[in-house]
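Everything on this sheet refers to the single structure shown next.
The values are calculated or read from the model by the stated rules, or taken from the named source; none is laboratory data. Computed from a prediction, not measured in an experiment: that's the story for all the values here. Note: ideal-geometry Cβ built from the backbone for every residue, glycine included; neighbour counts use all protein chains shown. For the accessible areas, the whole protein counts, side chains as well, though only heavy atoms, and no ligand, DNA or RNA atoms are used. Shrake-Rupley method; radii C 1.70, N 1.55, O 1.52, S 1.80 Å.
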Amino acid sequence: MIRVPADPTGRFSDAWRHCVGTGRIELALRRDYQDSLRLLQRDIGFRHIRGHGLLSDGMGVYRPYDHEGARRVHHSFTYVDQVLDAYRETGIKPFLELGFMPAGLASGEQTVFWWRGNVTPPRSPHEWTDLVRATLTHLVDRYGLDEVRTWPIEVWNEPNLHDFWQDADETAYHRLYEITAHTVKEVDSGLQVGGPAISPGADVWLDRFAEFIDRRDVPVDFVSKHAYSSGPAQHVPFGVHQTLAPASDLLDQFGTPRERLKDTALAGLPLHITEFNSSYRPDNPIHDTAFHAAYLAPVLAHGGDLADSFSYWTFSDMFEESGVPTALFHGGFGLLTHRQLKKPTYHLYAFMARMGPDLLARGDDHLVTRHADGRIAVLAWAPVDPTGRTAGPDRHALRLSLPAAARELFVRRSTVDEDRGNAYTAWRHMGSPRSPRLGQLDVLQEAAEPARSHRRLSVREGRAELDLTLARHEITLVELTPVTDETPSWWDEQRLLGRSVP
């Protein structure tokens, strides 16, 4: 029995909610994307959204042309405005990533992804800074300085990887960061700029970034990096399989930057994990499973102790880095599939959104919080074995002794596991149809909803005992509300059929 204290141990961080990832931002022009984002914001309510491609050719911002024998550049914000307006309509702010390089400004032809984002340095630093200045000035003019000051601005993406930055040239990235950060501050000193947005396994870049910032007196307002816990990809047609480290490895990655930077010029700056997930691949079936939700539950419960934000990559399977997906369930990063099917990890986030601000207890398989009105929320999960060597127990028991002021509590339990709240399992039973028919989609939407149960729980001497038995890979949300009984004194359940009771 775990005795949950009556007094909070502190505030529960909502760093998990600060930001969420997206496929390249021009996808926000599509209906399925916008429908998914509205659903996400209704059920969860993220504050920021981050994706690639703000300055790539697909957004059409950088438009060189010739006129009267001279080369000129026009900056167009037609798509930028439509995307950011769509974000504002759903109550989410951009976490701006400056990249990738417009082809007309690029120094080379190296690209990344199916949609061919150019990853070479600018051939003209002057035109690059003009592009950054024009973009930010336009955003300030359109949305207001006070608003844009709340939008973090990240310089590039994973420059430590050859795929994302030509030759992974660290010196060239430092030059890009320096001229970009100064340009951001020229627009307004209150705008937030940061980096270096490195991938896992490159923490030495943080050390040298800090030294560079200090030596050159370059502006920086936050530090960013990414975290993933999967091993090398084992390719199969249209998919991969990968090993996974324990979820604690993600928490270790969250905590590394502050430890490494504590004696540097970057000590004390906000830390944003601007991408995290288990697998770094958009075609790994693990993303679609109940296992994945139970695997990430302790990360969401504890991650706010280590970083100011950690952004799930990504909110939707509307994502085309490896090409257009070949099936409804294809191992995409998304919390939602196309057509807004909720995955188990979506429900993990929706459950987190119902937790209270006061932290009462936290452990390896549970999180207990309280709302200001006295409601208690319990998130519990069945621990998983990421190695796959064991199937894991079929049942996981948890007993909590909870503080309660009322005589009785109304208990609402929402459950997701291998069978409940799991459209992926239903889809597999259907025969894994690549393009489900409308009737099949209706069935899958129904299967995606958590199982619900309700009951009353007695309170004795200010305590209520909550016994939970969790199925394999289950996550469950239990909400306990004090009961105010307004049943009329004449009501008698035994007389529902009109019979007299002797």
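At a probe radius of 1.4 angstrom, the accessible area of the chain per residue rounds to 44 square angstrom.
Overall, the accessible surface of the chain at a probe of 1.4 angstrom is composed of carbon and sulfur to the extent of 47 percent. Each principal axis of the Cα cloud of the stretch 44-163 was evaluated for its coordinate range; sorted largest first, these ranges are 48, 37, 22 Å.
Under the convention that each Lys and Arg Cβ holds +1 and each Asp and Glu Cβ holds -1, the size of the dipole of the stretch 214-265 around its Cα centre is about 80 debye. Could you list the trypsin sites (Lys or Arg not before Pro) in the stretch 290-389 that lie in coil according to DSSP, counting only those with at most 10 other Cβ atoms within 10 Å of their Cβ? Listed in order of number, the matching sites are Arg389.
Placing unit charges on each Cβ (+1 for Lys and Arg, -1 for Asp and Glu) gives the chain a dipole about its Cα centre, and among Thr425, Ser56, Val20 the Cα reaching farthest toward its positive end belongs to Thr425.
The angle separating the long axis of helix 125-143 from the principal Cα axis of greatest extent in the chain is about 40 degrees.
The alpha-carbon of Lys262 sits under 24 angstrom from the alpha-carbons of these lysines, leaving out residues fewer than 8 places away in its chain: Lys225. What the phi angles of the stretch 415-430 give under the Karplus curve with 6.51, -1.76 and 1.60, with θ = phi - 60°, is a coupling list of 10, 10, 8, 5, 10, 9, x, 9, 5, 4, 4, 4, 4, 5, 5, 5 Hz, glycine and proline written as x. By the Stokes-Einstein formula, at 1.002 mPa s and 20 °C, the stretch 114-238 with its Kirkwood radius over alpha-carbon pairs has D equal to 135 µm²/s. Using alpha carbons only, how many angstrom separate the centre of the stretch 186-237 from the centre of the stretch 457-493? So the two Cα centres are separated by 47 Å. Can you pull out the GluC sites (Glu not before Pro) in the stretch 54-143 that DSSP calls coil and that have at most 13 other Cβ atoms within 10 Å? Those satisfying the criteria are Glu68, Glu109.
Applying a DSSP loop filter and a limit of 14 other Cβ atoms within 10 Å to the chymotrypsin sites (Phe, Trp or Tyr not before Pro) in the stretch 409-493 leaves Trp490, Trp491. Using only side-chain charges placed at the Cβ, +1 for Lys and Arg and -1 for Asp and Glu, the dipole size of the stretch 355-415 relative to its Cα centre rounds to 160 debye. Remark: spin-label model distance Gln234-Asp252 equals 2.2 nm, labels positioned 7 Å along the Cα→Cβ axis. Here's the picture: a label point sits 7 Å out from the Cα of Arg215 along the beta-carbon direction, and within the stretch 152-181 the residues with their amide nitrogen under 14 Å of it are 170-175, 178. Sticking with the crude label model, points 7 Å out along Cα→Cβ, report the distance from Arg116 to Glu320 in nm, one decimal please. Output for this residue pair reads 1.3 nm.
Extending 7 Å from Cα along the Cβ direction at Asp385 and again at Leu145 yields two label points whose distance is 6.1 nm.
Please report the antiparallel percentage of the DSSP beta bridges confined to the chain, to the nearest 5. DSSP beta bridges in the chain are roughly 70 percent antiparallel. Stretching Arg63 away from Ile2 to a fully extended chain increases their span by 15.7 nm, per 0.36 nm per residue minus the current alpha-carbon distance. The charge dipole of the stretch 243-392, taken about the Cα centre with unit charges on the Cβ atoms of Lys, Arg (+1) and Asp, Glu (-1), comes to about 340 debye, rounded to the nearest 20. Here the stretch 227-368 is treated as an ellipsoid with the same Cα gyration tensor; its semi-axes, largest first and in whole Å, are 27, 19, 14.
Taking every C-alpha pair closer than 8 Å and separated by at least 6 residues, the mean separation divided by the residue count of the stretch 251-314 gives a relative contact order of 50 percent.
The calculated 222 nm mean residue ellipticity attributable to helices in the chain amounts to -8000 deg cm²/dmol, summing -39500 (n - 2.57) over DSSP H runs of n ≥ 4 and dividing by all residues. One decimal place: the segment Asp35-Asp14 gains 5.1 nm when fully extended, by the rule 0.36 nm per residue minus the C-alpha distance.
Residues of the stretch 183-213 with amide nitrogen under 17 Å from the 7 Å Cα-to-Cβ point of Asp263? From the stretch 183-213, the list is 204, 206-212.
Our estimate of slack between Asp364 and Phe410, defined as 0.36 nm per intervening residue step minus the Cα-Cα distance, is 14.0 nm. Of all DSSP-defined beta bridges confined to the stretch 288-411, some 90% are antiparallel rather than parallel.
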